[in-house]
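Input: a single structure, listed below in structure tokens.
The values are calculated or read from the model by the stated rules, or taken from the named source; none is laboratory data. Computed from a prediction, not measured in an experiment: that's the story for all the values here. All Cβ positions, even for glycine, are placed from backbone atoms using ideal geometry, and neighbour counts span all protein chains on display. These accessible areas exclude ligands, DNA and RNA; they are computed on the full protein's heavy atoms, side chains included. Shrake-Rupley method; radii C 1.70, N 1.55, O 1.52, S 1.80 Å.
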Amino acid sequence: MAAELIIVERTASTNTAARQLFDTLDDGSCFCALEQYSGRGRLGRKWVTPPGTALCFSAVFKDVTQAFHAGAIIALAALDMLKTSLPGLQVFFKWPNDLYVGKNKLAGILSEGVISGGKLAGVVSGIGINLNQNRDDLSKLDNPATSLFVESGCRFETVPMCQKLFDRIQMLNEVYHRAPEQIIAKWQKANALIGHTLEVIRPDGARLTGIFSGIAPDGAMLLSVNGATVRFDCGDVKIDPASLPHA
Ligand code: BT5
């Protein structure tokens, strides 16, 4: 078997579809839909993309030892694909799962473990990238967002972008198999916010300000607050976009 790229016209959620096909797909296979009508974000939130405007893409990883490694592979693949598709785009990775341009979200990642026989059989990691939404589409979202069209005035075709992302995932997944530490090191380096003072928000709304001092080996954020190091797992906190350092 070999990794395959499946592209369909329409599905509820590419993560759900890839999970359903999990047992039949080889490591590195990807599932993409031109229209996703019930996209999912983290913690039950919704991912909203008008038909034909966005990349809705999920990858199946069967050999990752930790779920955040799958997110790291797809984030690095997407950063490279975006930077080569639109040179000069100031896109950066915002821990734990987002790509931002300035204070606006361009893409979000949802990684979900697949459990079989009581153990982790793999991870489905999905990314939604805003390609052709206009300002009107984006203004309907409840958080500041951007698209490649808003950033550049150019329209992007979904299928070639899917192929580019697929190719990069294969390359990085191969590196991961040989030397996982190289992928983790690249991902740590891509965490552009390390060293910056940020405000984080807990699910209960509580806020904490500190310096993002680094990332623990398990992917947790280390925040230095008044000289003490506080650690946050990705489900426990989100960085307030208003505190991002980029203009
Ligand atoms: C995420 O969740 O950012 C993960 C999004 C993952 C979407 C992909 S698309 C392919 C695959 N299939 C799926 O069903 N999902 C994955 P979270 O950090 O929880 O952010 C969700 C929040 O982002 C929402 O509550 C909105 O505020 C905002 N949002 C929704 N749609 C957006 C969009 N198109 N662009 C920017 N922000 C959006």
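A few points about this structure:
- Taking region 205-245 as the range and being of a type outside the set (Gly, Ala, Ser) and within 16 Å of the ligand (Cβ to nearest atom) as the test, the residues that pass are MET221, PHE232, ASP233, CYS234, ASP236, VAL237, LYS238, ILE239, ASP240, PRO241, LEU244.
- Criterion violated by ARG40 - all others in (1) touching a helix residue (DSSP H, G or I) at 6+ places or on another chain (Cβ under 8 Å); (2) at pLDDT below 95 satisfied: (2)
- Any hit, region 184-195, residues being open to solvent by 70 Å² or more (accessible area, probe 1.4 Å), over 30 Å from ASN134 (Cβ atoms), away from the ligand (no atom under 16 Å from the Cβ) and over 16 Å from the mean Cα position of the chain (by Cα): no
- Criterion (surrounded by fewer than 16 Cβ atoms within 10 Å (Cβ to Cβ), modelled with pLDDT of 95 or more and more than 19 Å from GLN133 (Cβ to Cβ)) met by exactly one of THR24, THR16, THR65: THR24
- Selection count where residues are more than 11 Å from the ligand (Cβ to nearest atom), in contact with a helix residue (DSSP H, G or I) (Cβ under 6 Å, 6 or more places away or on another chain) and open to solvent by less than 10 Å² (accessible area, probe 1.4 Å), scope region 117-136: 1
- Taken together, the criteria place ALA216 among residues that are over 17 Å from ALA75 (Cα atoms) and without any contact (Cβ under 8 Å) to a residue 24 or more places away in the chain.
- The residue that is surrounded by the most Cβ atoms within 10 Å (Cβ to Cβ), among those in region 81-97 that are within 23 Å of PHE31 (Cα to Cα) and out of contact with any Leu (no Cβ under 8 Å at 6 or more places or on another chain), is PRO96.
- The number of residues in region 8-25 being within 12 Å of the ligand (Cβ to nearest atom) and of a type in the set (A, V, I, L, M, F, W, C) comes to 3.
- Counting only strands (runs of 3 or more DSSP E) that fall entirely inside region 137-247 and contain at least 1 residues that are touching a helix residue (DSSP H, G or I) at 6+ places or on another chain (Cβ under 7 Å) and more than 29 Å from GLY28 (Cβ to Cβ), the qualifying elements are 197-201.
- Note on region 137-164: among residues that are more than 16 Å from the ligand (Cβ to nearest atom) and of a type in the set (Gly, Ala, Ser), the one that is least open to solvent (accessible area, probe 1.4 Å) is SER152.
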